[in-house]
1. So which residues in the range 205-230 are open to solvent by less than 40 Å² (accessible area, probe 1.4 Å) and farther than 30 Å from A104 by Cα?
2. Out of all the residues in the range 195-208, is one or more within 17 Å of H67 (Cβ to Cβ), of a type in the set (S, T, Y) and outside any strand (DSSP E or B)?
3. Please go through the range 351-367 and give me each residue that is in contact (Cβ under 8 Å) with a residue 12 or more places away in the chain and among the hydrophobic types (A, V, I, L, M, F, W, C), ordered by number.
4. Within the range 86-94, does at least one residue satisfy the condition of being at pLDDT 95 or above and touching a helix residue (DSSP H, G or I) at 6+ places or on another chain (Cβ under 7 Å)?
5. Tally time: how many residues in the range 158-182 are in a loop (DSSP other than H, G, I, E, B), of a type outside the set (G, A, S) and either modelled with pLDDT of 95 or more or in contact with a Ser or Thr (Cβ under 7 Å, 6 or more places away or on another chain) (or both)?
6. Can you find a residue in the range 387-406 that is assigned to a strand (DSSP E or B) and open to solvent by 10 Å² or more (accessible area, probe 1.4 Å)?
7. For A75, all conditions in the list (1) at pLDDT 95 or above; (2) assigned to a loop (DSSP other than H, G, I, E, B); (3) open to solvent by less than 70 Å² (accessible area, probe 1.4 Å) hold save one; what is the number of the exception?
8. What residue, of A118, A55, is in contact (Cβ under 8 Å) with a residue 12 or more places away in the chain and open to solvent by less than 50 Å² (accessible area, probe 1.4 Å)?
Amino acid sequence: MSKRSLAIIIVAVLLVVSGVCGYHYVMLSGRQKSTEPTTLRIGTTMPIRTDNMFADYYFGIVTSLSHDRLMRLDAKGRVIPELAENWEVKEEGKVWILHLVKNATWHDGKPLTAEDVAFSINYLLEKVPVYKFHLRLVERAEVVDDYTVKISLKEPWARFTVNLLVVRVIPKHVWEKVDEPLKYHGEDANIGSGPYVYKSFDEATGTIVFEANQNYRLGKPKVDKVTFKLYKSTEAMIMALKRGDIDTVYHYARGVEPLYVPVLIEDPNIDFMIKPNLGVDNNLWFNTKLYPYNLTEFRQAVSYALNYRDYVNSIMAGYAEVPNAGFVPKGWSYFKETRKLETNLEKACAMLDAVGLRDLNGDGWRDFSNGTTLTIPILVRTDLPEAGRLAELVKRDLESVGLKVDLIPVDPPTFRQRIDINKDFHAFISRTTMWGMMMWAGYGTGYVDARNIGWSLVDDKEFQTIVDEMLKTTSEEEYRNLAHKLQDLYAEKLYLIPLYWGKIIQPYRSDRISGLHYDPMYGILTKETFYAIEVKSKR
């Protein structure tokens, strides 16, 4: 090994240690000392196409700057107050009473009250499709008084606060006149109550601008302006970071791909935060309603065909590990150590033979019993840069045991339509986010349960019984036992197959900014960042 290679490895290890151990939670404090306007410039490859936060998934993410929520996560992943300063739970979890802050205002100066909050919950549940999952057990939100809201649920939901994390509190005086929120583009469409005010989206230059809310209830944030610059490729964004055109990068629930670390680590003006990913970077999902994906033995056979170690090394350059069959990654409070996934081609072939999927005509591909070739169409997201390369490796591995694969690239709107609405897929490769792992009953249940988002469309009675008990229990000991039971079931049934457990790598220009903070849900787009960040020079 060359001295140069050894030096790079040593520096990388030191960065990992300092990135993971050097994180600390900082309370909101201070104002910008200088009167000189400051701008934080963020590059992103998120494919934002419109400034409608309901129609564009990724634009909805960046509105975390402009829209306060009822609750938020702190750096340790705990639910803490935001617009709801405290809450009560009654009737064994069927009624939630939210007590709101009394000094919140909309960007147009109007007060934010219980009318807005109750309206938001009822409106989103009725008119925005994804909230039919997020708020599935909500019956009705009602105004108690100007700053108190009562939410009635159909059934007890002990961890309802997790789903309230994604409720967009919107101004009633704007949205009550809008029947189709996914099509609305009025000038008042992005009025929020957060620390930044949305100003513009220039599609020609790919630039989104937010400006500091001078009248924000917690005081003006330190940075006067935040701009997002959209890039069509990670390579272009990385070069912009090296040139100093941007200060840092952002992608929801992910960092940069590890393959870009060597070119960045050589630049003395670029530093890193490296965080554990509490989501799962990429999984192979099945439509468990369709044959042969509905067979546990088939899914198990597929799991033995996959070369997880190759994915860790080729896709993640070692910034990952081979996952457990239990799906849930390390770092969760009630993580249980289940068996490691392994590659065993002989076992994969024997199991496929046993379920009747054999090569009947000698062409090298496994066939159904009627002689037609089994072809597995796998949808691959184009907004996750490494997914395409990973999909080629998955295709290689499945075809090595005679399973013919057809890779189908899909953009985010098509992905959402086919997976969330039409449900017309066989298999696909996609991630889970940290919040996604928390939603519904927690531990990934919202992604799996056919009664919720249900990407795996699982209606297995054993699974849903565990979920129902997790939803209701208020005992942490019982919840822990159920979470362990769930992970054992994941490991046995393999409703989905995690392909690796990775890390989030967040680079930034240390010559330009300091004071970035990170929360496990929105990453650097957290209040701690905007009240602690220092911009070192004007651009």
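1. Listed by number, the residues that qualify are G206, L230.
2. Keep residues of the range 195-208 that are within 17 Å of H67 (Cβ to Cβ), which gives 195-201, 208.
Then drop every residue that is not of a type in the set (S, T, Y), which leaves 196, 198, 200.
Next cut, outside any strand (DSSP E or B) only: none.
Looking for residues that are within 17 Å of H67 (Cβ to Cβ), of a type in the set (S, T, Y) and outside any strand (DSSP E or B), one finds none in the range 195-208, hence no.
3. The answer is M351, L352, A354, V355, L357, W365.
4. No, there is no match, as no residue in the range 86-94 is at pLDDT 95 or above and touching a helix residue (DSSP H, G or I) at 6+ places or on another chain (Cβ under 7 Å).
5. 11
6. Yes, there is a match, as at least one residue in the range 387-406 is assigned to a strand (DSSP E or B) and open to solvent by 10 Å² or more (accessible area, probe 1.4 Å).
7. (1)
8. A118
The values are calculated or read from the model by the stated rules, or taken from the named source; none is laboratory data. The structure presented is a predicted model; accordingly, all values stated were derived computationally and were not measured. Here Cβ is always computed from backbone atoms with ideal geometry, including for glycine, and neighbour counts include all displayed protein chains. Areas reflect the complete protein model, heavy atoms only, side chains present, ligands, DNA and RNA absent. Shrake-Rupley method; radii C 1.70, N 1.55, O 1.52, S 1.80 Å.
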